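The values are calculated or read from the model by the stated rules, or taken from the named source; none is laboratory data. Not measured: the values here are computed from a predicted model. Here the Cβ positions follow ideal geometry from the backbone for every residue, glycine too, while neighbour counts run over all protein chains shown. Only protein heavy atoms, including side chains, enter the accessible area calculation; ligands, DNA and RNA are left aside. Shrake-Rupley method; radii C 1.70, N 1.55, O 1.52, S 1.80 Å.
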Amino acid sequence: MSRNDHLLTVEDLQKSYGDELVLDGIDFTMDAQDVQVLIGPSGSGKSTLLRCVNRLTEFEGGTISLDGEDVMAMDVNELRRQVGMVFQDFNLFAHLSARENVALGPRRVLGKSKAEANDRALDELERVGLADQADSYPAELSGGQKQRVGIARALAMDPKLMLFDEPTSALDPELIGEVLGVMRELADEGMTMLCVTHEMGFARQVATDIMFLEDGRLVEHGDPERLFTDPRHERTEQFLRRLTELHGGGSES
Amino acid sequence: MTAAALSLATADWTYVWQNLGTLLRGVWPAVRLTGTALLAGFLVGVPLGALEVYGGRRSAWLARKAGVAVRGTPILVIMFITYFGLGLSPAFVAATAALGVRSAAYQAQVFRGALQSIDRGQMEAARAVGLSKLGAIRHVMIPQGLRRFVPGFQNEYTIVLKDTSIAFAISYTEIFYQMYNLIPQQTTATPELFVTAAAVYLALTLVGNRVLDYVDDAFGVPDGGASQ
Amino acid sequence: MSAERERRHADLERGLTYAIGGAIWLWLCFRWLNSWLGGVVVGPTEPLVPQSFATATESLGATLGAVGDGVPLVATGFDLVGWAVGMVGFASQYGPQLAVAAWLTVVLTVISTLVGLVVAVPLAAARVYGRVTKYVAFVYIELIRGTPLVAQLFLLYYGAPFLSKFIREVPGVGQGIVPAQAVWIAIIGFVINSSAYQAEYIRGSVESVDPGQLTAARAVGLDKLGGIRYVVLPQALRYAIPSWTNELVYLIKYSSLAMFITVPEIFTQADSIGSETFAYTNAYVLAAGFYLVLVVTASYGMSKVEAEVAIPGVGSSDAGR
Ligand SMILES: Nc1ncnc2c1ncn2[C@@H]1O[C@H](COP(=O)(O)OP(=O)(O)OP(=O)(O)O)[C@@H](O)[C@H]1O
Ligand SMILES: [Mg+2]
């Protein structure tokens, strides 16, 4: 059983909304400590793919397994405990301070004591460089700070895998760097990450593999250098060229 | 439901059907009272609302406090004051005065909110083209405020319409008065009469709000009515 | 300079409001205690100041009112002043009766709002999440909100004789501190009415919480109920506070309609004072004063609650009837 060797295995994943097939036979695997970057045009199914992994959406065909276990066979809340998610528009709990946002999961899901959950929250905020903002409410934080709290919130659950859905695309350019910095550190520490992002500098330097998704199909994937220098499909090349034009090459802000 | 209860209900519905004309005779008085009260409330309330926002300190203060006092008093009490206390008559006049005064206090509040939701830049722009403060208020702020006023006014219409029923207490022959007087001859028909009266009120609410929607469409500024 | 002066004025106004409000509430509490204890200090509805004070102010008022008669504006001015002075005496004599009645108004509104809330929560849930119950809740809510409260009270009181009969036969009703049957009917009517409005407020405030909040809660591993409990509701309840203020104020005022079904609340009492003394305006204005005190207190209390639980960014959406 080779699938047991991988942290994440996605096999022949099928997902449709009504008549529209949104994911059509997706196959890929991720090993521990991999940083998998997912790119593709708007509407190609990137968010949907991520949301299938932690079952925020249900899928009809294929299998997804985490650490050798079929996610459909797992308790959905248990699955989400093991998979952290970071959203494009942050989705911080508006009524909770930064610390309380991070502590909610450990306290209410993992059943830790209030003090333990608090300590853990402070540690995670420290890790993303926000220890001094622990008592601020979301409305009092900048976009970059919000997103770092979002990352800390996911980390506090000790996830095996982190999902990032365009974590920087709602941010002003000067704030993108601080979030990418945190993500890069995470990767260096060995976190397994599945990221939808069009920050090509980040992808180039941090990704172990880049997948190009179009119309719900995996067009191609490969390690960053190969994909950038020698894309096999014309669509990939076109898409990458447009991205580079937009975001100004492989250098990172 | 048992067969007996059903047949009873049928008899009661027959009674309602036979007396529908009487019940509907209350519609015009209710509509008329709603109309006059809203009009009076509008004519008094809109200037008061403007006064609260743009008036001098003292007059704005006075308008605000008067508003609190009137909004804090039950309509029943106000109506008894105008009818029994001040002796206004006939009942229609007393009811119009009571509902009108109260509506003015609410419409002032709604209009104040509408004015305050207008971008500050509008006032500055108006002054920048050389309008006086009063001119800016009259030609720029109030017209925009009025257009944002309709949704709040719809709410007010519904409230005033329902509260016309309280004028039954001063023998004004509106819908509820008619319904109430139909009860003694066949008390078992009370629920049926109630449901029928409810249908009449609902119909009036719907029709009125449709009309006001139309007004909103006709006068509203594209995207200018969205006051969050 | 003018900002400084404005602040001083505001402080003065606030101080005065607190002083007057505090005095009124002290007096009210005294009257209530005194009446519960069977009139230990003075008779339950007996004034603290002697009748002669009232007579004196009334004749002073009459004298003042006569000043300037014949001169158009001056006469009206003095009429008003004279009336206000006379009103003081009137209030001193009849205030105690209204104070006792005010307790019933407070009980009516507080119980009705709270029980109304208890009914409203499942109603709102049915309206949002239900399948068949969705339509039942919709019809109930729209029927109630679309019809006058006075009609609803009449329906319950005159149109459902079995209800009155049933309540009257419950042991203890109308004895001791347990209020009589009409009061119960009023409470039932207010609960029915209030639950429909509150259900709509709750629905509105739940819907004003960004759906992403629940998604994020699910993503951390909370189940749906947990997400609703720890994330959606704490925000929704804050959004709902302004509507609750409105609801409370509404019920305080509209509890006066219970007069039509013989409940001895403030306005019932005022009306009987009016027909007893023929000083209708005085009696009604005095009643208005009592309602105003309750309304202002309720708004003030709710604004304190709102400030207490306020969180930056979880704003107050203004809704209400
Ligand atoms: N809840 C939904 N109901 C119906 N269709 C949906 C839903 N969510 C997504 N879709 C459709 O599925 C397709 C893929 O959407 P998805 O959000 O996964 O795209 P994406 O690649 O993340 O795009 P973007 O870059 O704009 O975020 C789109 O055509 C979208 O319209
Ligand atoms: Mg997406």
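List of remarks:
- Distance (nanometres) between label positions extended 7 Å along Cα→Cβ at B:Ala125 and B:Thr10: 6.8 nm
- At 1.567 mPa s and 4 °C, Stokes diffusion of the stretch C:1-99 via Kirkwood alpha-carbon radius, µm² per second: 80 µm²/s
- For A:Asp67, the residues 5 or more places off, or on other chains, whose built amide H falls under 5 Å of its own are A:Leu8, A:Thr9.
- Cα centroid separation, the stretch A:84-160 to the stretch A:1-80 (Å): 26 Å
- Residues of the stretch C:142-185 with an amide N closer than 15 Å to a point placed 7 Å from the Cα of B:Thr188 along the Cα-to-Cβ direction: C:159-162.
- Each 5 Å bin from zero up to the one holding the largest Cα-Cα distance in the stretch C:165-321 carries the following percent of pairs: 2, 8, 13, 13, 14, 13, 11, 9, 7, 5, 3, 1, 1, 0.
- Between helix A:143-155 and chain A: long-axis angle, C-alpha atoms, 0 to 90°, nearest 10: 90 degrees
- In this calculation the C-beta distance from B:Trp28 to B:Arg210 is compared with R0 = 22 Å, giving a FRET efficiency of 0.75.
- Accessible surface buried once B binds C (1.4 Å probe; total of both sides; Å²): 3100 Å²
- Cα-Cα over 27 Å, subset of B:Lys65/C:Lys253; A:Lys46/A:Lys112; B:Lys65/C:Lys304; A:Lys146/C:Lys134; A:Lys114/C:Lys134; C:Lys224/C:Lys304: A:Lys46/A:Lys112; A:Lys146/C:Lys134; A:Lys114/C:Lys134; C:Lys224/C:Lys304
- Shown for the stretch B:198-216: residues covered by the partner protein chains by 30 Å² or more of accessible area relative to the chain by itself (probe radius 1.4 Å), namely B:Ala198, B:Tyr201, B:Leu202.
- The protein assembly as shown: C-alpha gyration tensor shape, a/c 1.5 cut-off, then a/b vs b/c: prolate
- Nearest 10 degrees, 0 to 90: helix C:181-207 Cα axis against chain C principal axis: 50 degrees
- Only beta bridges with both residues in the protein assembly as shown are counted; by DSSP, about 55 percent of them are antiparallel.
- Relative to the globular-protein estimate of 2.2 N^0.38 Å, the Cα radius of gyration of the stretch B:3-219 stands at 1.26.
- Take each residue in C:88-100, count the other chain C-beta atoms within 10 Å of its C-beta, and the mean is 0.
- Residues losing 50 Å² or more accessible surface upon assembly, the stretch B:71-101, compared with the chain by itself, 1.4 Å: B:Gly72, B:Pro74, B:Leu76, B:Val77, B:Phe80, B:Ile81
- Kirkwood hydrodynamic radius computed over the stretch C:60-197 comes to 18.9 Å, based on all pairs of distinct alpha carbons.
- For B:Leu134 and A:Glu140, the FRET efficiency from 1/(1 + (r/R0)^6), where r spans their Cβ atoms and R0 equals 41 Å, is about 0.55.
- When the square roots of the Cα gyration tensor eigenvalues are ordered a ≥ b ≥ c, the ratio a/c for the stretch C:235-321 is 1.5 or more and a/b exceeds b/c, which makes its shape prolate.
- Where both bridge residues fall in chain A, DSSP classifies roughly 55% of the beta bridges as antiparallel.
- Spin-label model, A:Asp215/C:Ser275: points 7 Å from Cα along the beta carbon direction are separated by 8.4 nm.
- Screening chain B for DSSP H helices whose Cα atoms reach 15 Å or more along their own axis and whose mean Kyte hydropathy is at least 1.0 gives B:27-54.
- Note on chain B: with charges restricted to the Cβ of Lys and Arg (+1) and Asp and Glu (-1), its dipole about the Cα centre is near 1020 debye.
- Lys/Arg +1, Asp/Glu -1 at C-beta; chain A dipole; positive extreme among A:Met193, A:Val182, A:Val206: A:Val182
- Computed over the stretch C:45-320, the P(r) curve from all C-alpha pair distances, binned at 10 Å from the origin, holds 6, 22, 26, 21, 15, 8, 3, 1, 0 percent per bin.
- The spacing between the stretch C:81-135 and the stretch B:89-152, judged by their C-alpha centroids, is 31 Å.
- Residue-averaged 222 nm ellipticity for chain A, from DSSP H runs of 4+ at -39500 (n - 2.57), nearest 500: -11000 deg cm²/dmol
- Folded to 0 to 90 degrees: helix A:234-247 orientation relative to chain A principal axis, Cα: 40 degrees
- Protection proxy ranking of B:156-167, B:182-193 - average other beta-carbon atoms within 10 Å, highest first: B:156-167, B:182-193
- Taken per residue, the accessible surface of the protein assembly as shown reaches 46 Å², heavy atoms only and a 1.4 Å probe.
- Carbon/sulfur fraction of accessible area - the protein assembly as shown, other protein chains in place, 1.4 Å, %: 60 percent
- Cβ-Cβ distance of C:Ala180 and C:Ala84, R₀ of 41 Å, FRET efficiency by 1/(1 + (r/R0)^6): the value works out to about 0.65.
- The contact residues of the stretch A:75-108, meaning those that lose at least 30 Å² of 1.4 Å-probe accessible area when all protein chains sit together rather than their chain alone, are A:Asn77, A:Arg80, A:Phe87, A:Asn91, A:Phe93, A:Ala94, A:His95, A:Leu104, A:Arg108.
- Classified by the C-alpha gyration tensor, chain A has an oblate form. Its axis ratio a/c, with a ≥ b ≥ c, is 1.5 or above, and a/b does not exceed b/c.
- Amide hydrogen neighbours beyond the local backbone of A:Met193, cut-off 5 Å, H modeled: A:Asp34, A:Val35, A:Gln36, A:Met162
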